[in-house]
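Report on the structure given below.
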Amino acid sequence: MARYVSIFTFVVLFSVIACSSRTESQVQKLYLSNNWFIQSSAKLQQTGEIISTSEFIPKEWQPCKVPGTVLAALVENGVYADPYYGINLKSIPGYREGRWLAMLPESPFYPSWWYRTEFELPEKFSAKNITLHLDGINYKANIWLNGRLIADSSQVIGMFRRFTFEISEKVLDGKKNILAIEVIAPGKLPDIRYKTKQLEATTGWDDHNPQPPDLNMGLWRDVYISGSGAIVIKHPYVVTDLDLPSLDEAHLKISAQLMNMTEENVSGILQGTIENIKFSKQVKLNPREIKEITFSAQEFEELHITEPRLWWPHPVGPQNLYQLQLTFISEGKISDRSDVTFGIREVSTYINEEGWRGYKINGKKILIRGGAWMTCDMLLRLTHKRYKALVRYAREANLNMLRSEGFSIRETDEFYDMCDKYGIMVTQQIFGRSIPDEELAVANVKDMILRIRNHPSLVHFLGHDETFPTPTLDAAYREMINKYTPERSYQPHSGAFYIEDRFKTGGTRTGTLELWSYANPSHYYTHKEDGAWGFAQSGGIGGIVAPYESMQKMMPLKDLWPPFNETFSFHTVLQGVEYFNILIHNIETRYGKIKGIEDFCFKGQVTNYASARGMFEAYARNKYDALGITTWKYDAAWPAAITWQYVDWYLNVGGAYYGAKKAGEPLHVQYSYDDKTVYVINNYYQRFAGLNVQAKIFNFDLKEVYAREARIDVNENDKVQVFQIEFPAGLTKSYFLSLKLNDSDGAEISDNFYWFSTVPDIEGEKGEKATGKQNWHILTSSPKSIADHTDLERLPQVKLETSYEILAGASENIARVTVGNPTSDLAFMIHLTVIGNDTGTEVLPAYWDDNYFSLLPGESKQVSARFSASDLEGAEAVVRIDGWNIEQ
């Protein structure tokens, strides 16, 4: 029997719930989301003792919602112009160039800011034990209610902690209550040049986007009040032990803390329900006692689950979930209740004989394909729509892991809920760097573990980013994981820069300046040291160019071209656009002189497509010498013209995303750049027989000069080398390879189209140089040769035959498109979008089956997109088609 386990999320119901018609519930919740106002303490003379009473009359306070940071509220109210557009962010007082940790005293965010709200408790809260919950405060706070201090900033500190306070004796029944919270920003540090990227238990942005001037100060998570009976349920936890390799039985262990809120002895029953399974225990708690109660399969035969419905990552299986209801009943009343959503699954990691970390899901090896997840909004406006779109995009591309990077927030339950739903595993990084206040660091990490350990998508912890924790922090992390979630694995360091150090860091490596600036499509085949070998937490293809549709939204037209200006540079990374000189040079050398911003953007999509496809295909070809990659990075927190994003801040995706999606087909045919072989990759846990593989090579004039096919079988989770291509003599400078994979009945499963040059990529000298005020290191390179695809500029314009229909669905619309190429010319890199007929604006997010594809003469393709009708904003949906040489 295996002893690895899996975990799940808990969601507390917000309304009065009865176990039966005869059992009254005492459980209530009141979210304090609206009717908040903020003001700087610099404009106030009163103390919290007065501000939190009706004696105080707010004047010139700014309205806001909670969750919400101070700067987000000021932007919403028009105090400052849209900080995401142009260089508006630089005009906000307190803004600093580059990467910084210390807030200047003259910043308007250096003084504390007050959040104030008034509320009345509904009658149903009467006679309850009342608790105030603050799920996220950045960074410190003094909390006042009705003129009384609830807690001060020596107690309330740390961005990633949840705070609860009993307020039964301080809250007023049937009367107006006034809650005032004085928030103190992080960054109250000496203004010196630090040799670290993190000093406090707060968020940071490293070098991927600017730091907001308020350092994200504010109430960034929910504030609510709960009412309960004498006993409350805390930290419910479900662990499943799955029999391997049979997968035919799982054994559950369920635990929860019970807390007596009163000065009296309390007896009652803690009962649990999972579908038709019921179990319970009699419990007695002394005054103020906290007791952990456990239900195990050894005690309760019902907790042995036969033929369990398993949770799998997408696309290898379904994301089955179960519901647990825990209820404490005392004196015939429900004192408290928690609902837990969990999945039965087992994920384990291992270190192979070469020192690299690999993953298993339900006892089976799995190749990790994913990206580094960044907090998805610079001002922490963390909406359900944004979370859903970003995680769904990962699923649609058949990515199976996101690495939640440690310089940004410890992610919310909304993020994990989406990953549970869509089948995306998560590696959670703990911090960016060691912080001096290690006791505070441990408190933040403990709360994070207790909060997120219930999600089946959570599989692994990283300690720190590119550095080791201090020995005491490392020991504390290990102890907490072993105590609170021993089923998860841990490594102290995100990855070795020198691969021989992988044995110390935990079996992974990080990227290099080359992989963060530009890597050509063959790089991961031809480089072992930083290619498709082992596990890369932070490799990549270098700079990714935003689609033109996004470029137009982020800055004035005058700043879009040429890119070497302040605004364009501001919308890259902190190093500026010079960091991507090698990318820009490669685009122009490969595909021809850049004629303007639209030409640059589309050539960027083509460049990114080829490189991303090459990177992910190399890992697939080399599995399981290659164990996985979470590429740097997946998403962006603000609009970026060139950065490392696969999904941009506008929820748009371009060539890099669709190159990754093509490579991620679960049953896929592909070409190897190093040895000229064709492979079929099977990522399913089932065997396929009688598959047909076809390969054809065409010269630039589309004359077929090579053809070969073969019939193959491929075992589950395996790969097959089909044949090696023998390229004929006399090829034109630009030529093409078409690969097709059909099933035994002749239906097409996978297609793949490559463009090659007889001019090879040959590396030359590489170096580094320092640039900018902060002496950023950037890569310099003088390649001996760059693949020449400039002939593609001579492709004739092609008029496609297209038809489409828009089908309205219950939750989303579907655009079904048929595209045909009736000409004798190649239709190269066809790009489809859904737009509003009145606005011409692209509808986002939109989930296309395929995009940036090519059609040979006589070929046709059917593709579809799914999108929300509400994103049309009342307009009619229209499909727009453009491309490299496509007539519009």
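Between D882 and L807, what FRET efficiency comes out of the Förster formula 1/(1 + (r/R0)^6) with R0 = 22 Å and r the beta carbon distance, rounded to 0.05? That gives a FRET efficiency of 0.45. Between S824 and F497, the simple spin-label model (points 7 angstrom out along Cα→Cβ) gives 5.8 nm.
Straight-distance candidates among the aspartates and glutamates for linking to K740, with alpha-carbon spacing under 12 Å and chain neighbours fewer than 8 residues away dropped: E709, E748, D751. Listed by chain and number, the lysines whose alpha-carbon sits under 19 Å from that of K799, ignoring those within fewer than 8 places in the same chain, are K861. Note on E726 and R148: the model spin-label points, each 7 Å out from Cα along the C-beta direction, lie 9.0 nm apart.
Which of the pairs K90/K558; K128/K253; K43/K188; K29/K234; K59/K176; K140/K188 have their Cα atoms more than 21 Å apart in this structure? Among K90/K558; K128/K253; K43/K188; K29/K234; K59/K176; K140/K188, the Cα-Cα distance tops 21 Å for K128/K253.
Considering helices alone, the calculated mean residue ellipticity of the chain at 222 nm is -4500 deg cm²/dmol, with DSSP H runs of length four and up weighted by -39500 (n - 2.57) and normalised per residue. Each peptide in 429-436, 502-509 receives the mean, over its residues, of other Cβ atoms within 10 Å, and ordering these scores from highest gives 502-509, 429-436.
Eigenvalues of the Cα gyration tensor times 5, then square-rooted: what semi-axes does that give for the chain, in whole angstrom, largest first?
That gives 48, 33, 26 Å for the three semi-axes.
In this model, which of K360/K504; K388/K603; K281/K365; K553/K661 are farther than 28 Å apart at the alpha-carbon? Don't jump to the answer; show the numbers that get you there.
Details: K360/K504 21 Å; K388/K603 30 Å; K281/K365 39 Å; K553/K661 25 Å.
In this structure, K388/K603; K281/K365 lie more than 28 Å apart at Cα.
Of the trypsin sites (Lys or Arg not before Pro) in the stretch 676-712, the ones in a loop by DSSP (not H, G, I, E or B) with at most 16 other beta carbons within 10 Å are K676, R687, K703.
Give a quick list of trypsin sites (Lys or Arg not before Pro) in the stretch 797-873 that DSSP marks as loop, anything other than H, G, I, E or B, with at most 14 other Cβ atoms within 10 Å.
For trypsin sites (Lys or Arg not before Pro) across the stretch 797-873 that sit outside H, G, I, E and B with at most 14 neighbouring Cβ atoms in 10 Å, the list reads K799.
Across the stretch 512-662, the relative contact order, built from alpha-carbon pairs under 8 Å that are at least six residues apart, equals 36 percent. Between the stretch 263-332 and the stretch 71-138, the alpha-carbon centres lie 39 Å apart.
Taking 1.002 mPa s as the viscosity and 20 °C as the temperature, the Stokes-Einstein diffusion coefficient of the stretch 538-626 based on its alpha-carbon Kirkwood radius rounds to 151 µm²/s. A DSSP coil position with no more than 12 other Cβ atoms inside 10 Å describes the following GluC sites (Glu not before Pro) in the stretch 217-293: E263, E264, E275.
Simple rule: put +1 on each Lys or Arg Cβ and -1 on each Asp or Glu Cβ in the chain, find the dipole, and look at I499, N581, S154; the Cα lying farthest toward the positive end is S154. The fraction of Cα-Cα pairs per 10 angstrom bin, counted from 0 for the stretch 351-494, comes to 11, 42, 36, 11, 0 percent, rounded to whole percents.
Centre-to-centre, using Cα atoms only, the stretch 170-218 and the stretch 510-549 are separated by 35 Å. Bridging of K766 to lysines at a Cα separation below 16 Å is possible for K784, once same-chain residues fewer than 8 apart are set aside. Whole angstrom only: what separates the Cα centroid of the stretch 43-69 from the Cα centroid of the stretch 693-726? If we compute the Cα centre of each part, the gap is 70 Å. Length gained on full extension, R711 to Q797, computed as 0.36 nm times the residue gap minus the Cα-Cα distance: 27.3 nm.
Here each label is just a point 7 Å from Cα along the line to Cβ, and for F564 and K769 those points are 1.1 nm apart. For the stretch 29-226, the Cβ-based charge dipole about the Cα centre amounts to some 280 debye (Lys, Arg positive; Asp, Glu negative; other atoms uncharged).
Which residues among the stretch 127-150 fall inside the zone where the amide N is under 20 Å from a point 7 Å beyond the Cα of K175, along Cα→Cβ? Under 20 Å, as judged by backbone N against the label point of K175, lie 127-132, 144-150 of the stretch 127-150.
Taking the Cα centre of the chain as origin, sum charge times position over the Cβ atoms of Lys and Arg (+1) and Asp and Glu (-1), and report the length of that vector in debye to the nearest 20.
With only Lys, Arg, Asp and Glu charged at Cβ, the dipole is about 1000 debye.
Every number in this text was worked out from the coordinates using simple rules, so none of it is lab data. Quick caveat, the model's predicted, so the values are computed rather than measured. Neighbour counts are summed over all protein chains in view; Cβ atoms, including those assigned to glycine, are modelled from backbone coordinates with ideal geometry.
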